[in-house]
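In what follows, a structure is listed as structure tokens, so that the remarks can point back to it.
The values are calculated or read from the model by the stated rules, or taken from the named source; none is laboratory data. Just so it is clear, the structure is predicted and the values come from calculations on it, not from any experiment. Note that each Cβ is placed from the backbone with ideal geometry, even for glycine, and that neighbours are counted across all protein chains shown. These area figures cover heavy atoms from the full protein model, side chains too; ligands, DNA and RNA do not enter into them. Shrake-Rupley method; radii C 1.70, N 1.55, O 1.52, S 1.80 Å.
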Amino acid sequence: MRTDQPSRTARKIALNIVSLGATPGAADTLPAGMAHATARLLVASGAAGPALVRWSRSWQVVSLYHLFDPLMPGEFEGIGRRKVFCEQQLRDALQKGSTQVLVLGAGYDTLAWRLAPEFPGVRFFEIDHPATSRLKQKGIKAMGRPGNLHLMAEDLARTPLTKVMETEPSWAPNAQTAILAEGLLMYLPEKAVKALFTQCHDITGPESRMVFTYIGTGAGGRPDVGWLSGLLLWTMALAGEPWLWSLPPERLGAFLADTGWEASPCTPESPSGHGVEFYAVADKQKIKQERSPFSTRLPPTAR
Ligand SMILES: C[S@@+](CC[C@H](N)C(=O)[O-])C[C@H]1O[C@@H](n2cnc3c(N)ncnc32)[C@H](O)[C@@H]1O
């Protein structure tokens, strides 16, 4: 992605959430407080002005989303479903004993900010590209940063996660951890994605969980979002956030196999009606858990 500008796609998703919060029928399905917190964060960070946030809540914008929905069926409400799925999986992981949460490519997502006061005994961490993280940090500071929420700025395509977390004194590499990579992996080169999973294995303790979303691969080996794939890929590249990675869902198990993770039964079978992405949950493989944290045997991430 472009190194000099905050993520436009992160802003787009946040505005989508604000619009969903004003959509009859959809608003009630979002996690409590999400739409309101997202609107506050957009303004407090400077990512969007109050007028744009107000406009995103208007019936005109909601109607426009519905009007264009047939172009990518389910995408507008799919973003809300994606948020609900990820939050449910994270809450489940916390209930099962996770004491750390790490959100990768967090954008203007408010999950960690909302959950941190609710789970004071859990440490929450977020990482995003420096250009976006700068705005996020400004917004979270203005809204009040919970003491157990730590925001970090790093380019995950360049700096190995193991290195990033080594510099964070409150990160416990042997703790049961829940990691979220929502709407991130398609922006990283394949080598960096693979390395990221392996590094997530090496910085976490037994019983850890990863929750992530990804784009499926279509004919010709390129990311597949239906008949508009070509146009969308071109638009994303033009916006400076090209999609670099995708995976055929039937290859998920094989992809994870040598990273130290395995697909969890919580992984839904199909994305149908849920927008263009697949959702997945991975559990840490028990067999590899004796590997030492911060292993130096990791392949470097792509540059
Ligand atoms: C589509 S947004 C998703 C934001 C958030 N996860 C959500 O679902 O609302 C993609 C996010 O990934 C971040 N990102 C993309 N490439 C990155 C990189 N190389 N290192 C760190 N973050 C990156 C962007 O800054 C952006 O916040």
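Go through the stretch 202-213 and report how many residues are out of contact with any helix residue (DSSP H, G or I) (no Cβ under 7 Å at 6 or more places or on another chain), surrounded by 24 or more Cβ atoms within 10 Å (Cβ to Cβ) and not β-branched (Val, Ile, Thr). Before the answer, list the steps.
Filtering the stretch 202-213 for residues out of contact with any helix residue (DSSP H, G or I) (no Cβ under 7 Å at 6 or more places or on another chain) gives 204-208.
After this cut, where a residue has to be surrounded by 24 or more Cβ atoms within 10 Å (Cβ to Cβ) as well, the list is 204, 208.
Subset that is not β-branched (Val, Ile, Thr): 208.
So the answer is 1.
Specify the residue that is modelled with the lowest pLDDT; the eligible residues are those in the stretch 214-244 that are among the polar types (S, T, N, Q) and open to solvent by 30 Å² or more (accessible area, probe 1.4 Å). Don't jump to the end; show me each part of the working.
Step one: filter the stretch 214-244 for residues among the polar types (S, T, N, Q), giving 217, 229, 235.
Within this subset, residues satisfying the condition of being open to solvent by 30 Å² or more (accessible area, probe 1.4 Å) are 217, 235.
On the way: 217: 92, 235: 88.
Ranking the candidates gives 235 first.
Consider residue 106 against the criteria (1) within 17 Å of residue 38 (Cβ to Cβ); (2) part of a helix (DSSP H, G or I): it satisfies all of them except one. Which criterion is unmet?
If we test residue 106 against (1) within 17 Å of residue 38 (Cβ to Cβ); (2) part of a helix (DSSP H, G or I), just (2) comes out false.
Output the number of the condition that residue 191 fails; it satisfies all remaining conditions of (1) open to solvent by 10 Å² or more (accessible area, probe 1.4 Å); (2) assigned to a loop (DSSP other than H, G, I, E, B).
Every condition holds for residue 191 apart from (2).
Condition check ((1) of a type outside the set (A, V, I, L, M, F, W, C); (2) within 21 Å of residue 83 (Cβ to Cβ)) across all residues:
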{"residue": "142", "(1), (2)": "no, no"}
{"residue": "147", "(1), (2)": "yes, no"}
{"residue": "166", "(1), (2)": "yes, no"}
{"residue": "172", "(1), (2)": "no, no"}
{"residue": "215", "(1), (2)": "no, yes"}
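Which residue is farthest from the ligand (Cβ to nearest atom), if the candidates are limited to the stretch 161-188 and must be closer than 12 Å to residue 105 by Cβ and outside any loop (DSSP other than H, G, I, E, B)? Can you show your working first?
The initial filter retains those residues of the stretch 161-188 that are closer than 12 Å to residue 105 by Cβ, namely 161, 179-188.
Now drop any that are not outside any loop (DSSP other than H, G, I, E, B), which leaves 161, 179-181, 185-187.
Numbers: 161: 10, 179: 12, 180: 8, 181: 8, 185: 9, 186: 8, 187: 4 Å.
Ranking the qualifying residues of the stretch 161-188, first place goes to 179.
Of the numbered conditions (1) free of Cβ contacts under 8 Å to residues at least 40 places away in the same chain; (2) open to solvent by 60 Å² or more (accessible area, probe 1.4 Å), residue 69 fails exactly one; give the number of that condition.
(2)
With the requirement that a residue be more than 7 Å from the ligand (Cβ to nearest atom) and in contact with a Leu (Cβ under 9 Å, 6 or more places away or on another chain), what does the stretch 119-132 give you?
119, 122, 123, 124, 125, 126
Can you confirm whether the stretch 245-268 contains a residue that is closer than 26 Å to residue 167 by Cβ, part of a loop (DSSP other than H, G, I, E, B) and either open to solvent by 10 Å² or more (accessible area, probe 1.4 Å) or of a type in the set (Asp, Glu) (or both)?
no
When residues of the stretch 140-160 are filtered for being over 15 Å from the mean Cα position of the chain (by Cα) and more than 10 Å from the ligand (Cβ to nearest atom), how many remain?
12
Taking residue 140 as meeting all but one of (1) farther than 21 Å from residue 42 by Cα; (2) crowded, with 18+ Cβ neighbours inside 10 Å, write down the number of the exception.
For residue 140, the failing item is (1).
So which helices (runs of 4 or more DSSP H) stay within the stretch 1-84 end to end and still have 2 or more residues that are within 11 Å of the ligand (Cβ to nearest atom) and farther than 20 Å from residue 276 by Cα?
Working: elements: 8-20, 34-45, 50-56, 59-68.
Output list reads 34-45.
Which residue pairs have Cβ atoms closer than 6 Å, lie 6 or more positions apart in sequence or on different chains, and pair a first residue in the stretch 101-118 that is within 13 Å of the ligand (Cβ to nearest atom) with a second residue that is part of a loop (DSSP other than H, G, I, E, B) and not small (Gly, Ala, Ser)?
So the pair list comes out as 104/184; 105/184.
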